[in-house]
Amino acid sequence: MNAVVHAKAASRHLLSGNEAVARAAWEAGVRVAAAYPGTPATEILEYIALYPDIYSEWSVNEKVAVEVAIGASLAGSRALAAMKHVGMNVASDAFMTQSLAGVVGGLVIVVADDVGLSSSQNEQDSRYWGRFGHLPILEPADSQEAYAMVKQAFALSEEYEVPVIVRMTTRVCHVKAMVEFTGERIERPVTGFQKNPQRWVMTPANAKPRLPLMHERDRKLRAVSEASDLNETFQGNDQRIGFVTSGPAFMHVRETFPNAPVLKLGFSCPAPLDKICAFADTVDTLVVVEETEPLLEIEIRAAGVAVQGKNVLPRFGELAPSILRPAIKPLLGEPYAVPNRAQTDVFPRPPTMCASCPHLGPYFALSHIRNLNIIGDIGCYTLGAGHPWNALDTCTCMGASLSMAHGMDKGRGASDEKKHIVAVIGDSTFLHMGMQGLLNMIYNRGNVTVLLLDNRSVGMTGGQENPGTGENLHGLPAPRVDFAKLAEALGVRPERIRMVDPYELPTMVKLVREEVKMEEPSVIITNRPCSLTDRFERFKPYEVIDEQCTGCGNCIDLGCPAIFVARRETVTAKSGKSKELVFARIDTNACTGCHMCVETCAPEAIVQPPTPNRVIRIQPHA
């Protein structure tokens, strides 16, 4: 990517969609970019950060990121905000109002939909926001189009004084393709903020006069969409069936039915209905292929056009050729038999935490304590719901653990009277949307034990920085949040704020058992860094002494992937009862010497081979 950053002349490069967006933002003269990490959009800001001409930041959440971009736009600068689809829910309060007020400098919101649920808790269609918020939407099908459409989006935004959404999907974000770019950055004059309270102060009295202007803008944008070269017709010699599609679904359609006419919508909202109706007249059967919701299908049908769509195609997942072919062939009178391919059973590989992950200790503790309802959140620690811990009962959205736990406390019935409620949340998620939940819990006198797992990174999306790490997006020193002081400031009594090294398993278990018994909110804060970041310090690996291993299997319950089952034996006692013994081994290539497994081993069969003239000590990270 560095070669791309320094390219000053027209050239071609192999880029992912995320890289292409970053390059386009630089060439378009963007001055401010903000985002919150979220797959598949994370790399957009990471690549933008390589361009020194652009101020870029990790914001604490997506709403803040959009508001930062709005502020820059009102100052006359071009600005970009990036996020994944669920982040749009968080940011919607800001851009829904700004759509009414409008913008000054071009404002582009790049949203990446996770079609197929590769790494998300739901599969939503961000095209709805265009209809809901009266915002134009551009949909690239590959990296080249992502580059071109982002640049066009800024021009469109400034001409019509409106935020523009560029809707990406995982397929566009992460797949690489050749991109040809100009190599030039166009510096835009910055006008500065022009005071105009009647426009920028969105009280009801000021907002009402903006409504007719917004709807008039809709009319103008529909005409722009009708004439846009982003909406392109691909001719075919088989007029029996024609397709209306957008984004990467277009690629799948062309691969599956290369002889069929296709109307590809790059400027998909407002939909160019006149163009679609004219296209429909040229084919016998019109099919809308869209991921994931039937937005275009409903609009086309409402325009009086007979159309096929979700009646034959699924409303979830990617519409790959293997999905399209059996669904569309019957419409052509060509029954399609699914090929009988040999099935190969793949050994299951459930997701797990990393070796030395600081979340292993808390989940080991939770799995060994009875009568708990454990309310989870979004992050690496969501994996605590799986084997061998089975120590997470809910997971909904970022920051929900504290609020839901409080609601469960207030709504508990007789069957839950003896159960303790625990909320689990990570450092970045707590700062993103969890603080309000804790404040609400304290204010309304809830009774929940909060496990705040501080691993000093946004771990699940790749170890990005946040206000709790002490560094910013560019690796420069930044003020670091003191979580203990923050919890106290929100109202938690100092006696109920406990710091713990998650590698010290007996202490971890003891603290959780103590705090869940308290009749008031308490916060347990862990203090080990993510084992995949530079802040983590590796130590000499451990090994198992075969002769001393009794087969108790306690170390396996830790869930560390460096520990594996070497063999199993079944022994029968004199009473006739059988018991399975599980003998463990440690993969020394994966072990980082965290010593958690040592504390699970009663026979002291797990040891560190001696190192001459060296004393190894493991201290908690500050």
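The numbers here are math on the coordinates, done by the rules we state, and not lab data. It should be emphasised that the depicted structure is a prediction, and the values quoted were computed from it without experimental measurement. Here Cβ is always computed from backbone atoms with ideal geometry, including for glycine, and neighbour counts include all displayed protein chains.
Starting with the highest mean, order 592-598, 392-398, 149-155, 298-304 by the number of other Cβ atoms within 10 Å, averaged over the residues of each peptide.
Packing order, densest peptide first, comes out as 149-155, 592-598, 392-398, 298-304.
Just subtract the alpha-carbon distance of Ala223 and Tyr55 from 0.36 nm times their residue separation and send over the number in nm, one decimal.
Here the answer is 57.0 nm.
Quote to one decimal, in nm, the extra length available between Arg349 and Leu439 on full extension: 0.36 nm per residue of separation minus the C-alpha distance between them.
Taking 0.36 nm per residue and subtracting the Cα distance, the gain is 28.5 nm.
From the P(r) of the stretch 345-485, could you give the percentage of C-alpha pairs in the tail past 28 Å?
Within the stretch 345-485, distances greater than 28 Å cover 21 percent of Cα pairs.
Can you tell which of Val162, Ala91, Pro326 lies farthest toward the positive end of the dipole of the chain, using +1 and -1 charges on the Cβ of basic and acidic side chains (Lys, Arg; Asp, Glu)?
Working it through, the farthest residue towards the positive pole turns out to be Ala91.
Restrict the search to the stretch 153-230; then list the trypsin sites (Lys or Arg not before Pro) that DSSP places in a loop and that have at most 11 other Cβ atoms within 10 Å of their Cβ.
Lys195
Could you give the DSSP H helices of the chain that reach 20 angstrom or more along their long axis (alpha carbon positions) and whose average Kyte-Doolittle hydropathy is no lower than 0.0?
Membrane-span-like by this rule: 85-101.
Output the direction-averaged projected area (hull surface divided by four) of the convex hull of the alpha-carbon atoms of the stretch 485-551, in nm².
So the Cα hull casts an average projection of 7.3 nm².
Quick check: pseudo-label points 7 Å beyond the Cα along Cα→Cβ at Arg370 and Glu495, how many nm apart are they?
Rounded to a tenth, the inter-label distance reads 2.8 nm.
Would you mind computing the Rg to Rh ratio of the stretch 166-224 from its alpha-carbon coordinates, Kirkwood style for Rh?
Rounded to two decimals, Rg over Rh is 1.16.
Would you calculate a helix-derived [θ] at 222 nm for the chain, using -39,500 (n - 2.57) for each DSSP H run of n ≥ 4 and dividing by the full residue count, to the nearest 500?
Calculated at 222 nm, the ellipticity per residue is -8500 deg cm²/dmol.
If each residue of separation counts as 0.36 nm, what is the full-extension length gain between Ile298 and Arg567 once their alpha-carbon separation is subtracted?
Roughly 91.0 nm would be gained on extension.
Using amide H atoms built in the peptide plane, which far-off residues or other-chain residues are under 5 Å from Gly553 H to H?
Val582
Using only C-alpha positions, report the orientation-averaged shadow area of the convex hull of the chain, nm², one decimal.
Here the figure is 36.1 nm², rounded to one decimal.
What number does the stretch 258-389 give for Rg over Rh if you use C-alpha atoms and the Kirkwood radius?
On the Cα set of the stretch 258-389, Rg over Rh gives 1.21.
Restricting to Cα pairs below 8 Å that are 6+ residues apart, what does the relative contact order work out to for the chain? Please round to a whole percent.
RCO, the chain: 10 percent.
Quick one: grab Rg to one decimal and Dmax as a whole number for the stretch 1-75, Cα atoms only, in Å.
Cα only, the stretch 1-75: 12.5, 36 Å (Rg, Dmax).
Between the DSSP loop rule and a limit of at most 11 other Cβ atoms within 10 Å, which GluC sites (Glu not before Pro) in the stretch 396-495 are left?
Counting only loop positions with at most 11 other Cβ atoms within 10 Å, the GluC sites (Glu not before Pro) in the stretch 396-495 are Glu417.
Taking the C-alpha atoms of the stretch 543-607, how large are the radius of gyration and the largest Cα-Cα span, Dmax, in Å?
When restricted to the Cα atoms of the stretch 543-607, Rg and Dmax are 12.4, 42 Å.
Which entries in the list Lys510/Lys579; Lys84/Lys419; Lys208/Lys410; Lys485/Lys517 go over 32 Å, if you measure between the two C-alpha atoms of each?
Lys84/Lys419; Lys208/Lys410
Counting only DSSP beta bridges with both residues in the chain, tell me the antiparallel percent, nearest 5.
About 35 percent, rounded to the nearest 5.
Cα convex hull of the stretch 157-315: mean projected area in nm², to one decimal?
Computing the convex hull of the Cα atoms and averaging its projections yields 13.0 nm².
Could you calculate, for the stretch 248-293, the ratio of the Cα radius of gyration to the Kirkwood radius, expressed as Rg to Rh?
Rounded to two decimals, Rg/Rh equals 0.94.
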